[in-house]
Amino acid sequence: MSFFVVDIALPLPLRRTFDYLPADGEAREQYRPGQRVRVEFGRQLLTGVVLATRDHSDVPPKKLRPLLQRLDDAPLIDASSLALCQWLAGYYHHSMGEVLEHMIPTMLRRGSSLAEADERVWIKNQAPPAVTLRGSKQQALWRLFEEQDEWPHSELTSQGFTLAQMRSLADAGLIREQQKLPLPTVISERQKFHTLNAQQQEVLRQISAELGHFRPCLLEGVTGSGKTEVYLRLIEKVLEQGQQALVLVPEIGLTPQTVRRFQARFDVPVALLHSGLNDRERLQGWRQCREGGARILIGTRSAVFTPLPDLGLIIIDEEHDASFKQQDGLRYSARDFALVRAQKAGVPVVLGSATPSLETLHNALSGKYLHAKLTLRAGNARAPGMKLHSILHQPLTAGFAQPVLAQMQKHLSNGKQVLVFINRRGFAPLLACRDCGWMAECRRCDARMTLHHYPPHLHCHHCDFQQGIPAICPNCGSEHVEGVGQGTEKIQDQLSDLFPAFPVRRVDRDTVRTKQAFDNLYDDIHDGGPCILVGTQMLAKGHHFPDVTLVVILDADAGLFSADFRGMEHSAQLICQVAGRAGREDSPGEVWIQTLYADHPQLNLLLDDGYHALALALLQERQSQQLPPYSHMALLRSECEDRGQAQQLLQQARAFMQQWLQQEHSHRHVTPVTLLGPFPAIMERRAGRFRFQLQLYAEERRALHRLADVLVQFLENHKGLNKVRWHLDIDPLDTL
């Protein structure tokens, strides 16, 4: 047998692959790219992925170790997916092994087999013998099989049948047992497609013309304009061609209602993938898509990695949403990766939003993307009226201006629902002493602790540190310690007192913890009846609440003066998304925004002329300052318990980059990459570690990535500051 080595990617933060000898007695043709293998790495047992086989290795033969086991006969990851992983690892300057971990579910990463997704199923035999069943339960069980040929074991047990009764029918030759991958339920009741208005028909015509080849399409539609109806019509065309569709949504809370709507339209299996599923459910959904059983996949960010052999269309709903960007580990953008995946597959991508990101809008305005618009609300719905209400020098009751409370009473008395938005969880954002001014601060972060009453505790929402509420001030011993400001808990309590005749429901991370919780709450809201919804931005994202006719936005000023250059963009998107929950059907809606800065020019531009006008103004600002999307950006962050070391690593990184740039571009008067920093992060200390950052800007993307390549090599080989963590964020979403 000729000598060869197996090149393996391992789930380690090292940006390299590893050579192993084959398992004893195995030939080269048994190893193919995309298979999983089990190896020893130091004292660890790891599951790796085969990338290639080679005739030689840079490692001396005596130091090579044989791998322990080949887990797959056929590749688990196909060639196109491996190529996408290579792109991801290169673009985000990340370990190939850690990138590949995103391609396969957790159970497979641990070495489980594909068969572990299978379930026990009972199937009716084709020519069952004529037998007499004695027991009434056996007779009832057989009647089920006369109606339907196949039943999952779990479904039969849920109807009260036992394993012994099933085996009795099997012994009689009526049914047989089989292990089989379950498919998502297909509901029998079909909903008709809604009639499209003229704008929707034109948009559908424009995007339909792009089916069959790669083309990014921005579908910019005001809230309530019927973007989802356009998605459904496009998917219908894709299904007719025997293809699959991938739909990405920003929140777990959106997936159940989206799945329901899609199931009611199409008689095909619809798979669901998000972080709220357990490992086995995720493996089942992954296999259902990979093997072509599921024709539509709806999921959050990580669903973009799921194999879809017949992919015909990708839809990204609320494409501007920050949750599409992962903020740890592999800091990828699901939106950007979806564009690359669609290009490789030769299919269109629809980027839907009422408030598109400035990067996407810039690409549409420059002609790089197809730009389709929906400016009218669907049906008889009209855009809500928006009003800025100044609270400067005005008396407030429980944080609300009197005219706002009067409007709330009016809408509730008319049998409608009111949504109150404040992007702060807890009872109060601060616990303070009235006598000495002491404030409860997190011992691990440069942040103040949030006061919660349900259950009573102080909570840091940055590092998750929690502690009890002191009865007296630890600084002066005063008993005058109280919460300052408002959070969702406090507003819920106060509104319950102000409007005792109406239920007040709170929607935030503390009340919606499970995958079922929001689904139940959503059903309660849709049952109708006047009520008040109090919530954070969880309420803002794409939800359809037909009876909400008034939206009240508190503390709208929080993002107007952000240190992050994207602060105004994100604030405007949030305001528009929240406002869009009002008046979505026949009843007219209105939005009241309480503010201390009613004369703020950008806030007034947003209300007078809409998000698109503000976005154009913000793009002009970005262009004059050469900020993204008019330049390309990376952010090198460091963190360490020792402040000096965290800063020192970035100083050394900057010195290295300056020297490399001068050598590489000695013939140019201006280097192609601008370096800013290092300087402390806005929250310098978080979870006990000091944080610094160094910003990189380049007009050309290629120049930025060439520098990033050598920077990563420098940092990986750096000695002396081993306690410092660092990471490189390509196309960061914030600079905080």
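Please treat every number below as a calculation from the coordinates, not as lab data. This one's a predicted model, so the numbers in the text were calculated from it and none came from an experiment. Glycine gets a Cβ as well: all are built from the backbone with ideal geometry, and neighbour counts include every protein chain shown.
Side notes on the structure shown:
- Taken about its Cα centre, the chain carries a charge dipole of roughly 1000 debye when the Cβ of each Lys and Arg holds +1 and the Cβ of each Asp and Glu holds -1.
- Inverting the pair-averaged 1/r between distinct Cα atoms of the chain gives 29.1 Å as its Kirkwood hydrodynamic radius.
- Cysteines of the chain lacking any other cysteine Cβ under 4.7 Å from their own Cβ: Cys85, Cys217, Cys289, Cys463, Cys531, Cys576, Cys640.
- For segment 242-390: rounded, prolate or oblate by the Cα gyration tensor [a/c cutoff 1.5]: prolate
- Multiplying the residue separation of Gln201 and Gln30 by 0.36 nm and subtracting their alpha-carbon distance yields 56.3 nm.
- Fraction of antiparallel bridges per DSSP, the chain only, in percent to nearest 5: 55 percent
- Here segment 587-736 carries DSSP beta bridges of which approximately 100% are antiparallel, counting only pairs with both residues inside.
- Here the 3J(HN,Hα) profile of segment 96-111, calculated from phi with Karplus coefficients 6.51, -1.76 and 1.60 at θ = phi - 60°, is 4, x, 6, 5, 4, 4, 6, 7, 10, x, 4, 4, 6, 5, 8, x Hz, Gly and Pro shown as x.
- Prolate/oblate/rounded call for segment 623-669, Cα gyration tensor, a/c under 1.5 rounded: oblate
- Three-way shape call for segment 1-83 based on the alpha-carbon gyration tensor, with the a/c threshold at 1.5: rounded
- Percent of Cα pairs exceeding the 25 Å cut-off, where the set is segment 47-179: 54 percent
- Hydrodynamic radius by Kirkwood, which averages 1/r over all alpha carbon pairs of segment 233-321, in angstrom: 12.9 Å
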